[in-house]
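Down below is the structure, laid out as structure tokens.
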Amino acid sequence: MNEIGSDDNSMSVDLNRCDFFVHIHYLPLNRMILAIATHIDNQLGTFRDMEMDEWGRSWRASLPIRIRMSVNKPLKRVLCIRSTMDDEHTVYFTYERLPNFCYLCGRLGHIMKYCGKRFIEGFIDPGDTLSYDPWLRAPFPIRSRPTMPNHKHNLMTRGCPGSRFRPQARCGNFW
């Protein structure tokens, strides 16, 4: 979504775009650079950000990039990219924190049961051969959090100081 300023009218805000973290899989290591990320992102939406080192490279199994994409268009699953030597590479996309989407048409905001394609005359049910699958959802990233190992009020073991909530280990039968 777009940022709203204090002088903006809420009716003039474009709610058709949203930022997503997209993971690009099976991209060769020598192609995990900012230039190729922006090229791929321009196929998906507008490039916003990328996690990279000081040379503009990423050394992960997948290349995480942040894009602003239209929520009215179907999700992209694959893309063929060409290198300078006419080599083609097929890359696959997964999306972090993806909301409900239709496995039939690939659009956000509804599920297959309520897809408009189902109500078109002459619709043939694809059965188990759907174009989109749950594999488009990227697993939640493990983000590092600051910890205080010697802190005497560690919230995970003792609860908040002064509160009545104290986490307890439960064993045996709950009933």
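The values are calculated or read from the model by the stated rules, or taken from the named source; none is laboratory data. As the structure is a computational prediction, the values presented were derived from the model and not from experiment. Note: ideal-geometry Cβ built from the backbone for every residue, glycine included; neighbour counts use all protein chains shown.
Observations, loosely collected:
- Only residues that are farther than 18 Å from PHE20 by Cβ and either in contact (Cβ under 8 Å) with a residue 40 or more places away in the chain or surrounded by 16 or more Cβ atoms within 10 Å (Cβ to Cβ) (or both) were counted in the range 71-102, giving 4.
- Any chance ALA61 is buried (at least 18 other Cβ atoms within 10 Å of the Cβ), over 14 Å from the mean Cα position of the chain (by Cα) and modelled with pLDDT under 85: no
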